[in-house]
Amino acid sequence: SGATLTLVLSGGDAFGAGTHTTTLSWATPVATTIAIADPVAAISVLAASTNVTTVIVKDQFGNPVSGQSVTVSATQTPAVVSTTVITPIVTGAAGTATYSYTPAAATTSAVLSFNTTPTAITAITHTYTYVSLYE
């Protein structure tokens with residue numbers, strides 16, 4: 001990280017009497033995006049069921065980031081007072097991490113929020129809508 005290489009190109013056929021200068025800079029990969037990899041948005045799931053959400057973290061070059069800590073928080077409707085602390089999850093070699101969530105029995109929807117830690121980027125959310133078997 002921090003290394004640079006400057007190329008000065010010249011040649012009568014390509015540039016005439018001028019030159020073209022290009023500078024390449026190297027940077028250490030850092031997490032810049034987080035996205036929901038699975039499941040797809042806008043689906044309904046069975047009330048009180050356990051559902052797995054997979055997120056993927058990528059760096060500024062679009063490559064997966066392994067070993068990245070990801071925080072998870074959950075908000076349910078109707079609201080439930082909870083003191084449960086969700087331990088951060090960590091991405092694997094493919095840059096993905098999964099979280100299994102089981103809501104309270106009367107929950108009609110839940111929003112899970114994911115972000116990187118210790119340096120937060122733009123968080124991503126996923127909403128689960130819970131329905132009974134006969135809806």
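For region 37-88, what does the equivalent ellipsoid look like in terms of its semi-axes, each the square root of 5 times an eigenvalue of the Cα gyration tensor, given largest first in whole Å?
26, 17, 9
Collect residues whose amide H, placed 1.01 Å from N in the peptide plane, falls under 5 Å from the amide H of D59; neighbours closer than 5 in sequence don't count.
Result for D59 returns T32, V65.
What list of whole percents do you get for P(r) of the chain, with Cα-Cα distances grouped in 5 Å bins up to the one holding the largest distance?
Values per bin, smallest distances first: 2, 9, 16, 16, 12, 10, 8, 6, 4, 5, 4, 3, 2, 2, 1, 0.
For the chain, which longest stretch is free of loop sites, where a loop site is one of the chymotrypsin sites (Phe, Trp or Tyr not before Pro) that DSSP puts outside H, G, I, E and B and that has at most 13 other Cβ atoms within 10 Å?
Longest gap between qualifying sites, sites excluded: 62-133.
What full-extension length gain, to one decimal in nm, is calculated for S100 and V52 as 0.36 nm per residue of separation minus the Cα-Cα distance?
16.9 nm
Could you calculate the FRET efficiency of A3 with T32 from 1/(1 + (r/R0)^6), where r is the beta carbon distance between them and R0 is 22 Å, rounded to 0.05?
My answer for the efficiency is 0.65.
Using only alpha carbon positions, build the gyration tensor of region 62-110, then give the equivalent ellipsoid semi-axes as the square roots of 5 times its eigenvalues, largest first, whole angstrom.
In descending order the semi-axes read 28, 11, 8 Å.
Leaving ligands, DNA and RNA out of it, report the carbon-plus-sulfur percent of the accessible area of the chain at a 1.4 Å probe.
Details: 4770 of 8230 Å².
C and S fraction of accessible area: 58 percent.
On average over all directions, what projected area in square nanometres does region 1-50 have, based on the convex hull of its Cα atoms?
Projected area, direction-averaged: 7.8 nm².
The values are calculated or read from the model by the stated rules, or taken from the named source; none is laboratory data. This structure is a prediction, so every number in the text was calculated from the model and none was measured. Positions of Cβ are backbone-derived with ideal geometry, glycine not excepted, and every protein chain shown enters the neighbour counts. The area values use the complete protein model at the heavy-atom level, side chains included, leaving out ligands, DNA and RNA. Shrake-Rupley method; radii C 1.70, N 1.55, O 1.52, S 1.80 Å.
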